[in-house]
Amino acid sequence: MKIIKDKVTKLSFVALLITVTAAMFYAPTASAHGEKSQAAFMRMRTIHWYDLNWSKDTVPVNDTMTVTGKFHVFAGWPETVDKPEISFLNIGIPGPVFIRAGSWIGGQLVPRSVSLELGETYEFKVLLKARRPGDWHVHSMMNVKGGGPIIGPGKWVTITGSMSNFTNPITTLTGQTIDLETWNLGNTYFWHTFWYVFGIAYVAYWARKPMFIPRIIAVDAGKADSLITPLDKKVGLAFGVAAIGIVAATMVSTNEQYPVTTPLQAGLLRGMKPIELPAPTVSVKVEDATYRVPGRAMQMTLTITNNGDSSIRLGEFNTAGVRFLDAAVHVDETGYPDDLLAEEGLTVSDNSPLAPGQTRTINVTASDAAWEVYRLADLIYDPDSRFAGLLFFTDESGNRQMVTVDAPLIPSFS
Ligand SMILES: [Cu+2]
């Protein structure tokens, strides 16, 4: 009876080990990446993405597409988030469904982290090569050290074809052309299997012996020494010597085969070139701002002064990538994602052209289900309920001007 119990214990132990190991290799695909669960203030008061363009809706495997646009690094960056002194321009996708073939800020290649200045606006471009077929949500993204990934707007892109056709050829500095997708993959599989079997063999050797309860009984009885035989010591030593010997020998042979290696390059690029925007000629003062919970609408009272020489109208309010437009002033034809575009979401009490030198106080309402769907309204439950966003004014000749707003937001529940 005792023997059977012992065997059952051992079997369960081995089964558990195999299960845990198998679980490490299993990674289910996630269909969304939680962009809506990122704190609203993070999306509204850090990086403002705008003028975004996804060059394609459908891409065959191996073809490329670009995500381009601009981002404004908000001057009123929250105190609780580290400044974007070490930032990395990235793309938010569910795993390596695309590979990032290149990324640029202000025309400069940025394979490394960069330092960004608060209050500046930058142009960016990310070149992607399609790898895994499917429908994927492709976001712009900025990884900020101490701030986490700051996700921008996402658009669905379909990759067609078969992943088995995907290739990723590169030429190394020594002139060899290799396909990174499959290069030395056999080696990777071999060594994973080898060390897995090696480890299991070591565990199996010890698992043959009485385990857990019999061992603790022996230890408690002062017979711990009797648990390890001279053969056990030899086997343990042999495993240790073999592990070190194999690593040393294969390291020597690898170094012989690949005499020239360089480490992965890291470091920080400074002096990113921002866009030189002319000083805005429109000044905006936020008198008050409230969020009406039942109406899913934000109301702002703004005092606008036109210091320019052409009359202006308010065309758009953009916050966290959600765009509220006054259709009479601005119509979007760039194929911006529907769920982030409120084509008639902006209502202005008096949006007649504001002549140069004039000042006017207007009521602006930005209403759309996106406030709730994108959980931006959660802002009102923050200890520091501030909102921020970009206002776009259009003058007579169609020139656009961007003005940032940043003010407390008071909720209204009726
Ligand atoms: Cu997404």
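Any read-out appearing in this document is the output of simple, stated calculations on the displayed coordinates, not a laboratory observation. For clarity, every value in this text was computed on a predicted model and none was experimentally measured. Note that each Cβ is placed from the backbone with ideal geometry, even for glycine, and that neighbours are counted across all protein chains shown.
Here the 3J(HN,Hα) profile of the range 334-343, calculated from phi with Karplus coefficients 6.51, -1.76 and 1.60 at θ = phi - 60°, is 9, x, 4, x, 3, 5, 10, 10, 9, 4 Hz, Gly and Pro shown as x. Under a 5 Å amide H cut-off, with hydrogens placed 1.01 Å from N, Lys56 pairs with Thr66 among residues at least 5 apart or on other chains. Here the 3J(HN,Hα) profile of the range 356-371, calculated from phi with Karplus coefficients 6.51, -1.76 and 1.60 at θ = phi - 60°, is x, x, 8, 10, 8, 9, 10, 9, 10, 10, 10, 10, 5, 4, 4, 4 Hz, Gly and Pro shown as x.
When the listed pairs Lys70/Lys273; Lys70/Lys129; Lys83/Lys125; Lys36/Lys83; Lys83/Lys155; Lys36/Lys56 are checked against a 18 Å cut-off, the alpha-carbon distance exceeds it for Lys70/Lys129; Lys83/Lys125; Lys36/Lys83; Lys83/Lys155; Lys36/Lys56.
Multiplying the residue separation of Thr193 and Ala248 by 0.36 nm and removing their Cα-Cα distance gives an extension gain of 18.0 nm. Count Lys and Arg as plus one, Asp and Glu as minus one, and take only other residues whose Cβ is under 12 Å from that of Ile86; the net charge is then +2. Select from the chain the helices, each a whole stretch of DSSP H, whose alpha-carbon atoms run 20 Å or more along the helix axis and whose Kyte-Doolittle mean is at least -0.5; answer none if there are none. Correct list, ordered by number: 2-25, 185-207, 230-257. If Lys and Arg each add +1 and Asp and Glu each add -1, what is the summed charge of the other residues whose beta carbon sits under 11 Å from the beta carbon of Pro356? Combined, the nearby Lys, Arg, Asp and Glu give -3. A cut-off under 15 angstrom between Cβ atoms defines the neighbours of Pro383, and their net charge, with Lys, Arg +1 and Asp, Glu -1, is -2. Between amide H atoms placed 1.01 Å from N, distances below 5 Å from Ser412 occur with Tyr291, Arg292, Val293, all of them 5 or more places distant or on a separate chain. 3J(HN,Hα) along the range 95-106, derived from phi through the Karplus expression 6.51 cos²θ - 1.76 cosθ + 1.60 where θ = phi - 60°, amounts to x, x, 7, 10, 9, 8, 7, x, 9, 9, 10, x Hz, with x in place of Gly and Pro. Distance from the C-alpha centroid of the range 290-352 to that of the range 379-414: 9 Å, rounded to the whole angstrom. The overall shape of the chain, judged from the alpha-carbon gyration tensor, is prolate: a/c is not under 1.5, and a/b is greater than b/c. Loop-located trypsin sites (Lys or Arg not before Pro) in the range 212-244 (DSSP state not H, G, I, E or B) with no more than 14 neighbouring Cβ atoms inside 10 Å: Lys223.
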